[in-house]
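**Student:** Would you mind keeping the following structure in view while I ask a few things?
The values are calculated or read from the model by the stated rules, or taken from the named source; none is laboratory data. On a predicted model such as this, the values are computed, not experimentally measured, just so you know. Cβ sites come from the backbone with ideal geometry, for glycine too, and all protein chains shown count toward neighbours. SASA here: full protein model, heavy atoms, side chains in, ligands and nucleic acids out. Shrake-Rupley method; radii C 1.70, N 1.55, O 1.52, S 1.80 Å.
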Amino acid sequence: MALSMEMMRICVIGAGPSGMSMLYHLAKMEEQGKRIPDVVCYEKQSDCGGLWNFDWRTGVDEHGEPIHCSMYRHLWTNLPKECFEFPDYTFDQHFGKAIPSFPTREVILDYLNGRWKTVNAKKFVRLNTIVKNVIHNPDKDNFTVWARDQDDEKDLPPEQFSHIVVATGHYSFPNMPYFKGVETFPGRVLHSHDFRDAREFTGKRLLVIGSRYSAEDISLQCVKFGATNVVCSSRSGPMGLKWPAEIQERPLLERIEGQTVYFKDGTSTEVDVVIYCTGYKHTFNFLADNLRLQTENTIYPPNLYKGIIWVKAGNKRLMYIGMQDQYYTMTMFDVQSFWACRVILGEMILPENATMETDIARWIQRLENVTSFADAVDFQTEYVMDLCRESGYQHNLDVKYLFTDLDRNRKESMITCRDNVFKSKFTGTVSNKHTKPFMDAFDDSYDAFVN
Ligand code: FAD
């Protein structure tokens, strides 16, 4: 049933890049003279920005809630910024000059804030407010949301919404498989979620378990900051990257005895620290079971039409943004949000259930052919472009060729891959070189990077 504007109330959960893209488009549509429904965004942290907010804490926050942050000091982006530049708010526009291609965390957060400010997107956000429970009410065909004001330490009265947009991210709840003997290891065992500063590991020998972005980046960071040796253990075989001599790859870890770690190929080595870079679990403990996305980290999660609409239960007014494994990031969240806003405002009509199910099945079947980085980028490019076409998004977001360059650079040398420069698709500006190579640049402050 189509809802009138008066009957609509939108609840966005999470004010990271995904949730803020929803708010950005709603605010922009309002600015363009469209009527938009009442919107509330609940954010458990004290500011918008999601993972891009650094938190020195690990474990639980000052309110006893799990820490969201999985980012660390000295983090430079692992993608060139040209891969996730907003066409309607370019890096040139924000910084007024060319800056290097792999900015630090603080620089990216500044850029995001700049875009949100142009339409005052933060006006919808209730900070320090955590969503505790969401249910669907079959009688009214709407949702009830229970949230808690963490400043006042008070549960808020339940509120009713016609639409729920879940944008709580999926890189905050660690996946930590058991390895025989790990409980007897005499040194530090941590997950990348709790990794905050590579200087802690200066002079140490590390075992890094995993083979994706976190494993790559944390290994390199630790060597940059003086770790003596890093052994990366991976289930899925060699990463195919060109590492410095201090980093070696081994097959899957088999067991740990004292400080000695044994691998599937019969080799072993001694280490001082074990870092799990074994990924994260999609966790939505605030959603009723029938609303909860259950998925591994994949580029096409199940039961989401166009990767957005929850088709399993209820009224197709529960949406998820940013739940895919990510090659495209900010721009993917942006076109997903634009698509979702147009659906909410009734400017696009969803097809029948059966058509949505068939569409999902078609995408998921195609996943069988995705076996490499290039395949995954191809797949996600098509997905993003499909959303662009359907929603009438004004820009072409295809930057597949930049990912190809990135892949080549990483295979040539992980040490120098962040020293490369890329050209903006939208302004034609070629980024400038950082004054120092990545491996020699230790100051990650905004000033050091931009000025
Ligand atoms: P998040 O950024 O995770 O934001 C989710 C928000 O929801 C948070 O603010 C959180 O506090 C809030 N929230 C959660 N639960 C609740 C609740 N119950 N109630 C209220 N609020 C809640 N991407 C890039 O583009 N470039 C990079 O270089 C890059 N590097 C990365 C490095 C690391 C270590 C990690 C972990 C990720 C990196 N990413 C990078 C990917 C990152 O996922 C995205 O850039 C982006 O942060 C995802 O945005 P999001 O809004 O979907 O989720």
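**Student:** Compute from the Cα atoms of the chain the Rg and the Dmax, the latter being the longest Cα-Cα distance, and quote both in angstrom.
**Tutor:** 22.3, 67
**Student:** Still on this structure, please answer the following. Got a sec? Which residues in segment 381-405 would a label at GLN93 touch, if it sits 7 Å along Cα→Cβ and we count backbone N under 13 Å?
**Tutor:** 394-395
**Student:** Taking every pair of distinct Cα atoms and averaging 1/r, then inverting, what Kirkwood hydrodynamic radius in Å comes out for segment 97-230?
**Tutor:** Numbers: mean 1/r = 0.0509 Å⁻¹.
Radius from the Kirkwood sum: 19.6 Å.
**Student:** Just going by the charge dipole of the chain, with Lys and Arg at +1 and Asp and Glu at -1 on Cβ, which of VAL107, VAL421, ASN133 is farthest out on the positive end?
**Tutor:** VAL421
**Student:** For ASP155 and THR404, FRET efficiency with R0 = 51 Å and r from the beta-carbon atoms, rounded to 0.05? Let's see the in-between values first.
**Tutor:** Numbers: r = 50 Å, r/R0 = 0.99.
So the FRET efficiency works out to roughly 0.50.
**Student:** Okay, next question. Treating the beta-carbon of each Lys and Arg as +1 and of each Asp and Glu as -1, no other charges, what is the dipole magnitude of the chain about its Cα centre, to the nearest 20 debye?
**Tutor:** On the way: 51 positive and 60 negative charges, 84 e Å.
Dipole magnitude for the chain comes out near 400 debye.
**Student:** Can you work out the FRET efficiency for the pair THR260 and TYR446, with r the C-beta to C-beta distance and R0 = 60 Å, to the nearest 0.05? Spell out each step's value before the answer.
**Tutor:** Working: r = 43 Å, r/R0 = 0.72.
With a Förster radius of 60 Å, E is 0.90.
**Student:** With the convex hull built on the Cα atoms of segment 349-419, state its orientation-averaged projected area in nm².
**Tutor:** Working: hull surface 25.4 nm².
Averaged projected area of segment 349-419's Cα convex hull equals 6.3 nm².
**Student:** Add +1 for every Lys or Arg and -1 for every Asp or Glu among the other residues with Cβ under 13 Å from the Cβ of PHE449, and state the total. Please report the intermediate quantities before stating the final value.
**Tutor:** Numbers: positive: LYS81, LYS97, ARG105, ARG418, LYS433, LYS436; negative: GLU106, ASP110, ASP443, ASP444, ASP447.
Value of the local net charge: +1.
**Student:** Compute the signed sum of charges (Lys and Arg +1, Asp and Glu -1) over the other residues within less than 10 Å, Cβ to Cβ, of ALA27. Display every interim value, and only then the final one.
**Tutor:** Working: positive: LYS28, LYS122, LYS123; negative: GLU30, GLU31.
Surrounding charge for ALA27 is +1.
**Student:** Using 1/(1 + (r/R0)^6) with R0 = 30 angstrom and r between the beta carbons of GLN394 and LYS117, what's the FRET efficiency to the nearest 0.05? Write down the numbers at each step before the final one.
**Tutor:** On the way: r = 20 Å, r/R0 = 0.68.
In this case the efficiency is close to 0.90.
**Student:** Right, something else. For the chain, report the accessible area per residue in Å² (1.4 Å probe, heavy atoms, rounded to an integer). Present the calculation step by step, with values, prior to reporting the outcome.
**Tutor:** Details: 18690 Å² over 451 residues.
Accessible surface, normalised per residue, equals 41 Å².
**Student:** Would you mind calculating the gained length between THR427 and ARG73 on full extension (0.36 nm times residue separation, minus the Cα-Cα distance), in nm to one decimal? If you can, show how the numbers build up before the last one.
**Tutor:** Details: separation 354, 0.36 × 354 = 127.44 nm, distance 3.01 nm.
Using 0.36 nm per residue and subtracting the Cα-Cα distance, I get 124.4 nm.
**Student:** I've got another one for you. Can you list residues from other chains, or at least 5 along the same chain, whose modelled amide H is less than 5 Å from the amide H of ARG250?
**Tutor:** Under 5 Å from the amide H of ARG250: CYS232, SER233, SER234.
**Student:** Now for a different question. Placing +1 at every Lys and Arg Cβ and -1 at every Asp and Glu Cβ, with all other atoms neutral, what dipole size does segment 13-168 have around its Cα centre, in debye to the nearest 20? Walk me through the numbers on the way to the answer.
**Tutor:** On the way: 18 positive and 23 negative charges, 75 e Å.
Dipole about the Cα centre, nearest 20: 360 debye.
**Student:** Please work out how much length the chain gains when fully extended from TYR178 to LEU367, using 0.36 nm per residue of separation minus the C-alpha to C-alpha distance, in nm with one decimal.
**Tutor:** Details: separation 189, 0.36 × 189 = 68.04 nm, distance 2.81 nm.
Extra length from TYR178 to LEU367 when fully extended: 65.2 nm.
**Student:** Can I ask one more? Spin-label point model (7 Å from Cα, Cβ direction): what's the GLU6 to LYS312 distance in nm?
**Tutor:** 3.6 nm
**Student:** Something else about it: Hey, any idea what Rg/Rh is for segment 49-167, computing Rh the Kirkwood way over Cα pairs? Before the final figure, lay out the partial values.
**Tutor:** On the way: Rg = 18.1 Å, Rh = 17.2 Å.
Computed over Cα atoms, the ratio is 1.05.
**Student:** A follow-up question, please. Scale the Cα Rg of segment 181-233 by the rule-of-thumb value 2.2 N^0.38 Å and send over the ratio, two decimals.
**Tutor:** Against the empirical 2.2 N^0.38 Å value, I get 1.06 for segment 181-233.
**Student:** Could you check how much of the accessible area of the chain is carbon and sulfur, as a whole percent, using a 1.4 Å probe?
**Tutor:** Numbers: 9030 of 18690 Å².
With neighbouring chains kept in place, the figure for the chain is 48 percent.
**Student:** If you don't mind, another one. When the Kirkwood radius is taken over all Cα pairs of segment 4-95, what Stokes-Einstein diffusion coefficient follows at 10 °C and 1.306 mPa s, in µm²/s? List each step's numbers first, then the result.
**Tutor:** Values: Rh = 15.8 Å.
Taking Rh from Cα pairs, D becomes 101 µm²/s.
**Student:** Could you state, as a whole-number percent, how many of the C-alpha pairs of segment 311-392 are farther apart than 22 Å? It would help to have the intermediate numbers written out before the result.
**Tutor:** On the way: 896 of 3321 pairs.
Of all Cα-Cα pairs in segment 311-392, 27 percent lie more than 22 Å apart.
**Student:** Let me ask something additional. Multiply the residue gap between THR435 and PHE54 by 0.36 nm, knock off their C-alpha separation, and tell me the result in nm, one decimal place. Before the final figure, lay out each step's value.
**Tutor:** Values: separation 381, 0.36 × 381 = 137.16 nm, distance 2.45 nm.
Length gained, THR435 through PHE54: 134.7 nm.
**Student:** Based on the Kirkwood radius over alpha-carbon pairs, what is the Stokes-Einstein translational diffusion coefficient of segment 298-451 at 37 °C with 0.692 mPa s viscosity, in µm²/s? Let's see the in-between values first.
**Tutor:** On the way: Rh = 17.8 Å.
After rounding, the answer is 184 µm²/s.
**Student:** Over what distance in Å are the Cα centres of segment 64-102 and segment 368-424 separated?
**Tutor:** Segment 64-102 and segment 368-424 have Cα centres separated by 16 Å.
**Student:** For segment 88-247, what is the relative contact order in percent, using Cα pairs closer than 8 Å and at least 6 residues apart in sequence? Walk me through the numbers before you get to the answer.
**Tutor:** Working: 154 pairs, mean separation 17.7, N = 160.
With pairs under 8 Å counted, the relative contact order is 11 percent.
**Student:** What share of all Cα pairs of segment 182-276, in percent, falls into each consecutive 10 Å distance bin?
**Tutor:** 17, 56, 27, 1
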